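In what follows, a structure is listed as structure tokens, so that the remarks can point back to it.
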Amino acid sequence: MLRIRCIHCGPRDENEFVCGGTSHLTRPPLGASDGEWAEYLFFRDNPKGLHLERWRHAQGCGAWFNLARHTVTHEILAVYPITERPPAIVERTPPSAEGSR
Amino acid sequence: MTSGYSAWSLLRGAVGGHRHWPPAWPAVEPKSRYDVIVVGGGGHGLATAYYLAKNHGLRNVAVVERGWIGGGNTGRNTTIVRSNYLYPESARLYDFSLKLYEGLGKDLDFNIMLSQRGLLMLAHSRHDLDAMSRWANAMRMNGIEVNLLDRAAVANLVPALDLSPRARLPVIGGFLQPRGGTARHDAVAWGYARAAAALGVDIIQNCEVRAFLKDGARVTGVETSRGRIQAVRVGIAAAGHSSVLAGLAGFRLPVTSYALQALVTEPIKPALDTVVISPGTGAYISQSDKGGMVIGAMLDLFPSYAQRGSFAVLQAILASTLEMFPSFSRLKMLRHWAGIVDVVHDSSPIIGPTPVPGLYINCGWGTGGFKAIPVGGWTLAHVLATGENHPLAEAFQLERFVTGRLVDEAAASGIAH
């Protein structure tokens, strides 16, 4: 069971939340090609390591926010508001695809 | 190398204290060059190598596996085989797989313990039943036998199910695919490995791919933890790690990796002789030949490479399983595990070329890879050997995510995701 620190409610159990997938995807302009739409809608880095992702406190306050989480250890490195860029410490941490096994 | 397995060889072994059995396949050092390298020694990779040798006459083939064969999802599933899919493209693909399973024990000279005990899908509401009627009719249109059942027929088939008026999860009917069932997962991996090795395939374990060798854009081999190996063509069959390998080769996939967990109880006397799936709750259960209740869950719905499941999902799945089967509440859990599955948006596979010349992939089976091992190997072998997509795989290409021609089986794969 993950303990996730909601930006409003503090640490709560994982089953109060839903994960909304990868953060910081930018919607392409309406004139984008089919290939660009496919990249936006379907294609993902799917990293083995650090992943920036959206979560919602669905069974609590309802807020959307961002997590920086490691997809092998599940360690949460940062929690930050939905409209913000990831904190500098996370930006500098390279996704460790060859990290822990 | 390999001796035939038969009642006679068992009897002969009994006389000699079972000391005459040779290894099922030889441990080999990688050669410097192969016609085809298959990355991933799970069921799909081993089946690919076997069919490359058997169907296409390619003997200079290697399977490279980071860990040990069958140690990933092939050893982490719930051993269910079925072909209850909605769309014609999927029905053709999965029923071909089931037909290969039906002859596989004989083909491989290895008892895969296929048990076509029937696969029952439960309807908990009128809406479930309406949707299942449509689903079952689609299966019949595709030539796959299925029987719609009312509540009495379900009660007759599965006496352990709670069908009392006070049941938390009422059952009002369902459908049965009589040819569905289970097969022994380790036997499928070992059978393919042994049969492939007998045809000359090198099976190289503890050999991790760290990079792809390239000449210009074209893949010409792999750099591994056991050295550099050249190949004319390379195939990837790595399930939940497909994106990691694609990243090494320089492209992305429409895949997200999730943990899918399952558990098995202590063995008990025979109490359940069908596979029971409850799509509404995400729970599914069958009894193994050893007697353990094998219980599967829905996905842990956040990206994971952790090979362990979340307690929240385990708790939810056990709650719904025990609401359906109250008499199982005293069973002790023996083992609990998770595999990392490669989920795509439409829950259909990708079998064919990648954007990188010389590199081919079989992935995207998501939560349902085990049942598809024979056809996944068959079709990946075809494209690796001939350069042309197998007709069964034509609808399951990477381009469908650009053209929008998805084969949306998300509803038909039996669990909610």
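Values quoted throughout were computed directly from the atomic coordinates according to the rules given, and no laboratory measurement underlies them. Predicted, not measured: the structure shown is a model, and the values here were computed from it. Cβ atoms come from the backbone with ideal geometry, glycine included; neighbour counts cover every protein chain shown.
Please compute the Kirkwood hydrodynamic radius of the range B:300-366 from all pairs of different C-alpha atoms, in Å with one decimal.
On the way: mean 1/r = 0.0664 Å⁻¹.
Result for the range B:300-366 stands at 15.1 Å.
If you plug each phi of the range A:20-35 into the Karplus form 6.51 cos²θ - 1.76 cosθ + 1.60 with θ = phi - 60°, what whole-Hz ³J(HN,Hα) values come out, in order, with x for Gly and Pro?
x, x, 4, 8, 6, 7, 9, 5, x, x, 4, x, 5, 6, 4, x
Between B:VAL15 and A:TRP64, how many nm apart are label points set 7 Å from Cα along the C-beta direction?
In this crude label model, B:VAL15 to A:TRP64 measures out at 7.5 nm.
Give me, ordered by chain and number, the residues 5 or more places off B:GLY173 or on other chains with an amide H under 5 Å from its own placed amide H.
Here the answer is B:ALA123, since their amide H atoms fall under 5 Å of that of B:GLY173.
I'd like to know which of B:ALA24, B:ALA91, B:PRO391 lies farthest towards the positive end of the charge dipole of the protein assembly as shown, counting +1 on Cβ of Lys and Arg and -1 on Cβ of Asp and Glu.
Value computed over the given set: B:ALA24.
Percent relative contact order of the range B:310-417, based on C-alpha pairs within less than 8 angstrom and at least six residues apart?
Working: 109 pairs, mean separation 27.7, N = 108.
The normalised contact order for the range B:310-417 reaches 26 percent.
Can you tell me the mean projection area, over all orientations, of the convex hull of the range A:21-78's alpha carbons? Units nm², please.
Details: hull surface 20.4 nm².
Averaged projected hull area, Cα only: 5.1 nm².
Explain nothing, just the number: dipole magnitude of the protein assembly as shown about its Cα centre with +1 on each Lys and Arg Cβ and -1 on each Asp and Glu Cβ, in debye rounded to the nearest 20. Don't skip to the answer; put the middle values down first.
Details: 50 positive and 42 negative charges, 196 e Å.
Around 940 debye, computed over the protein assembly as shown.
Summing -39500 (n - 2.57) over the DSSP H runs of n ≥ 4 in chain B and dividing by its residue number, what mean residue ellipticity at 222 nm do you reach, to the nearest 500 deg cm²/dmol? Don't skip to the answer; put the middle values down first.
Values: 10 runs with 121 residues, N = 417.
Result for chain B, helices only: -9000 deg cm²/dmol.
Any chance you could run the full-extension gain for A:HIS74 through A:ALA32? It's 0.36 nm times the residue separation minus the Cα-Cα distance, nm to one decimal. Provide the component values of the computation, followed by the final result.
Working: separation 42, 0.36 × 42 = 15.12 nm, distance 3.51 nm.
Gain in length upon complete extension: 11.6 nm.
Rounded to the nearest 20 debye, what is the charge dipole size of chain B about its Cα centre when +1 sits on each Lys and Arg Cβ and -1 on each Asp and Glu Cβ?
Working: 38 positive and 30 negative charges, 149 e Å.
The calculated dipole for chain B is roughly 720 debye.
Using just the alpha carbons, could you tell me how many Å³ per residue the convex hull of the range B:1-137 encloses? Let's see the in-between values first.
Details: hull volume 24.0 nm³, N = 137.
Value for the range B:1-137: 175 Å³ per residue.
When the convex hull of the C-alpha atoms of the range B:183-279 is computed, what volume per residue in Å³ does it have? Can you show the working numbers first?
Details: hull volume 17.2 nm³, N = 97.
Residue-normalised Cα hull volume stands at 178 Å³.
Could you put B:THR281, B:THR220, B:THR182 in order, starting from the residue whose Cβ has the fewest other Cβ atoms within 10 Å? Show your work: numbers first, answer last.
Details: B:THR281 21, B:THR220 17, B:THR182 24.
Fewest-to-most Cβ neighbours within 10 Å comes out as B:THR220, B:THR281, B:THR182.
Obtain the radius of gyration and the Kirkwood radius of the protein assembly as shown from its C-alpha atoms and give Rg over Rh.
0.97
Could you pull out every residue, at least 5 positions away or on a different chain, whose amide H is within less than 5 Å of the one on A:THR71? Hs are placed 1.01 Å off N in the peptide plane, and Pro or chain starts have none.
Amide H neighbours of A:THR71, under 5 Å, 5+ apart: A:GLY49, A:LEU50, A:HIS51.
I'd like the Karplus ³J(HN,Hα) series for the range B:58-65: coefficients 6.51, -1.76, 1.60, θ = phi - 60°, whole numbers in Hz, and an x wherever there's a Gly or Pro.
Each residue of the range B:58-65 in turn: 8, 9, 8, 10, 10, 10, 10, 10 Hz.
From Cα pairs below 8 angstrom and at least 6 apart in sequence, can you work out the relative contact order of the range A:21-74, rounded to a whole percent?
On the way: 57 pairs, mean separation 18.5, N = 54.
Relative contact order comes out at 34 percent.
Could you tell me which residue out of B:GLN287, B:ILE277, B:ALA211 lies farthest along the dipole of the range B:191-348 toward its positive end? Charges go on the beta carbon: Lys and Arg +1, Asp and Glu -1, centred on the Cα centre.
B:ALA211
Determine the relative contact order of chain B: mean sequence separation of Cα pairs under 8 Å and six or more apart, normalised by residue count, in whole percent. If you can, show how the numbers build up before the last one.
On the way: 976 pairs, mean separation 93.3, N = 417.
After rounding, I find 22 percent.
Across the range B:130-143, in residue order, what do the Karplus-derived ³J(HN,Hα) couplings come to in whole Hz, using 6.51 cos²θ - 1.76 cosθ + 1.60 with θ = phi - 60° and x for Gly and Pro?
With the stated coefficients, the range B:130-143 comes to 4, 5, 5, 4, 4, 4, 5, 5, 4, 4, 5, 4, 8, x Hz.
May I ask you to work out the translational diffusion coefficient for the range B:286-417 at 10 °C, viscosity 1.306 mPa s, via Stokes-Einstein with Rh from the Kirkwood sum over Cα pairs, reported in whole µm²/s?
Values: Rh = 17.1 Å.
Answer from the Stokes-Einstein relation: 93 µm²/s.
Using the crude model of +1 on Lys and Arg Cβ and -1 on Asp and Glu Cβ, and no other charge, please compute the dipole size for chain A relative to its Cα centre, in debye to 20.
On the way: 12 positive and 12 negative charges, 56 e Å.
Result for chain A is approximately 260 debye, rounded to the nearest 20.
Starting from one equal scatterer on each C-alpha and no solvent at all, send me the Debye-based log10 I(q)/I(0) for chain B at q = 0.09, 0.10, 0.13 Å⁻¹, two decimals.
Here the Debye-derived log intensity ratios amount to -0.54, -0.67, -1.11.
Can you sort A:CYS6, B:CYS207 so the residue with the fewest Cβ neighbours within 10 Å comes first? Don't skip to the answer; put the middle values down first.
On the way: A:CYS6 19, B:CYS207 22.
Result, fewest neighbours first: A:CYS6, B:CYS207.
Might you list the cysteines of chain A that have no disulfide-compatible partner by the rule of another cysteine's Cβ under 4.7 Å?
A:CYS19, A:CYS61
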